[in-house]
Amino acid sequence: MLRRFARDSAVYGIASFLSRGVSIFLVPIYTRVLAPADYGAIDIVTIVAGIVASVVPLEIGQAVARFFPDQADDEAKRGYASTSLLFVVLAYSVFLIAVWVLADPIAKVLLGPGYDGWLIRVAGVAMYGNGVFYIVQSQLRWSLRAREYAVAGVVYTVASIATSVLMVVVLRLGVVGVFGGQIVGAIVGVIVSARFAARYYSRSFDTAKLREMLRFSTPLVPSTLGVLVALYVDRLAINALMSLSAVGVFGIGYRIASVPQLVLIGFQTSITPLIYATHRDATTPSELARIFRVFCAIALTLWLGLGLFARDIVSIVTTPEYYEAASVVPFLVPAVLVAGAYVFMPGPAITMRTSQIAAINITGGVLNLFLNLGLIPILGIIGAATATLLSSCIAFLLNVIASQRAYPVPHDWPMLLAATGIVGGIVAGAWLLLPLSVLGFVLKLACLGAGMSAIVALGLVRGHELSSAVAMARGRR
C-alpha cells in the first residue's frame, strides 16, 4: 500500500499543483481586472455549482468508487462505469433545460442587480460539462490509473484557464468569461478522459446496477450538501448580512488559504481508492496511521507558513481593496485542511454506513450556518472564518469517533494535538504581536523555524520515513 500510495500521491500532487495552482496564481491578474463584487459573484455561482454537482448526479460517482474495484469480471466493471456515465448525462440534460428556462429569476435571487440570466445560462452549460468531465475522469482514479487521471486534469485546467484569461482580460467579458473558459476546458477534458477510459465503457445500461449504486450514493447527497454548507455557507451568509463585495474579499482570502491543498491533494486523492482496495489487509490500519501523521506534519507546516505571512502575501498579490482578505487566512487554512482530512477516517464508508456519514456532515453544515449567523454581525468576515473553522473541527471530531468505532486505526492523538496547539499558538502570537515590517518579517522567519523544529521534535515526521518515501516514489525498496 505504501509503495503505491507514494507513487500515486506524487502523480496526483504534481498534477493538482499544476491545475489548481494556476487558478490561485491568477489572483494577481483577476484582482486587477475584476471588482470585489465580481469576485463575489464568481464565488456564489461556484457554490451553487458545487451543490449541483452533488444533487443532480446523486453522488453516483462515489458508488462507482465503492463497487467498481470489487468486480473481478471486466464486463461487470463496464456495466457500473457505463451505467453511471449515461445516468449523469441524462440527469444533467434535464438540469440544463431547467436552468435555461429559469435563468433570469435565478440571477435576480442569487446575485441581485447588475447580473442577468445570460451569466446563469453560461454557468449552467459549464456545470453540465464539468459534471460529465468529473465522472469520466474519476473513472481513471477508481481504476488506479493515476497518470492518465493527472494528464486529463492538467489538460482541462490549461484549456479552461487559457480561455478564461482570453475572455476576461482581453475580451473583457467579466464573470461570464470565467465560466466560458470552463466550458472549453470541460469539452477538451472529456475528450481526453474518454480516450483514456474507453476500455471501461460500453453501450450497456444496467438498471439493476443503477439501483444498487443509487441505494449506496443517494444517502450521500445530504452528506455532501452538509460538507458544502460547512465549507461555503460563510459566503452565502456574508452575502446576506454584508455585501457581494465582502464575499469577493473573503473569497480571495479563501483562495490563498487553499494553497495547502495544492501540496496535500495528492495524499487525499490517492488514499481513498487504495483504502477501498486494501482495507482487508492486516497492515492497512498501521500504514494509514503513518500516512495521516505525515499528512498532519505537512499540513501544520503549511498552516504555520501561511498564517505567519498572510498579510505579506496579500499585499503583494492583490490591490488595496482586497487587503482585508489577509485577516481570514489564519482561520481558513486549518479549516480547509481539517475539512479535507475526513478521507483518513474511512470506517463508515468501508462498512457502508452512509447514513452516519450524512448525519455527521449535516451536523457540521447546520452548526456552521448558525455560527455564521451569530458571528458575522459581530466580527464581519473574521466571524465567518471563525465559524467555518469551529464547525470543521467539530465535524472532523465526529468523523474520527465514528471511524475509529467501525475501523480502528492506531493514531497517536496526544502527539498530534500537542503539535497542533504549538503551531496554533505561534500563529496567533505572531499575528497579534508582530508588525508588517522588515523586522516583523525576520521575526516571522524565526517563528517559522521554531514551529518546524517543534513538529520534528514531537516525531510527526521522521528522517527514515522521508528516505523511504523518496525510494518508493522511485520504485525502489
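The values are calculated or read from the model by the stated rules, or taken from the named source; none is laboratory data. Just so it is clear, the model here is predicted, and its values are computed rather than measured. For neighbour counting, all protein chains shown are included, and Cβ atoms are generated from backbone atoms with ideal geometry for every residue, glycine included.
Overview of results
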| item | result |
| --- | --- |
| Qualifying residue in the range 191-202 (condition: part of a loop (DSSP other than H, G, I, E, B), in contact with a Ser or Thr (Cβ under 7 Å, 6 or more places away or on another chain), in the same structural domain as residue 150 (by TED's automatic domain parsing) and not aliphatic (A, V, I, L, M)) | yes |
| Index of the failed condition, residue 160 passing every other in (1) of a type outside the set (Asp, Glu); (2) within 25 Å of residue 144 (Cβ to Cβ); (3) crowded, with 21+ Cβ neighbours inside 10 Å | (2) |
| Neighbours by Cβ (under 7 Å, 6+ apart or cross-chain): first from the range 26-44, in contact (Cβ under 8 Å) with a residue 40 or more places away in the chain and closer than 16 Å to residue 172 by Cβ; second in a loop (DSSP other than H, G, I, E, B) and among the aromatic types (Phe, Trp, Tyr) | 41/115 |
| Filter result for residue 49 (in contact with a Leu (Cβ under 6 Å, 6 or more places away or on another chain) and either under 15 Å from residue 176 (Cα atoms) or modelled with pLDDT of 90 or more (or both)) | no |
| Test: residue 409 is of a type in the set (Val, Ile, Thr), under 28 Å from residue 294 (Cα atoms) and not in a helix (DSSP H, G or I) | yes |
| Verdict on residue 144 being surrounded by fewer than 20 Cβ atoms within 10 Å (Cβ to Cβ) and either modelled with pLDDT of 95 or more or in contact with a Gly (Cβ under 7 Å, 6 or more places away or on another chain) (or both) | no |
| Options 96, 34, 90: the member that is touching a helix residue (DSSP H, G or I) at 6+ places or on another chain (Cβ under 6 Å), of a type outside the set (Asp, Glu) and at pLDDT 85 or above | 96 |
| Any hit, the range 64-75, residues being more than 20 Å from residue 178 (Cβ to Cβ) and among the small types (Gly, Ala, Ser) | yes |
| Condition check for residue 124: within 28 Å of residue 24 (Cα to Cα), buried (at least 24 other Cβ atoms within 10 Å of the Cβ) and more than 20 Å from the chain's Cα centre (by Cα) | yes |
| All positions within the range 328-362 that are over 13 Å from the mean Cα position of the chain (by Cα), β-branched (Val, Ile, Thr) and surrounded by fewer than 20 Cβ atoms within 10 Å (Cβ to Cβ) | 350, 351, 362 |
| Residue check, residue 63 modelled with pLDDT of 95 or more, hydrophobic (A, V, I, L, M, F, W, C), in contact with an Asp or Glu (Cβ under 9 Å, 6 or more places away or on another chain) and crowded, with 19+ Cβ neighbours inside 10 Å | no |
| Any chance residue 210 is under 30 Å from residue 350 (Cα atoms), under 24 Å from the mean Cα position of the chain (by Cα) and part of a helix (DSSP H, G or I) | no |
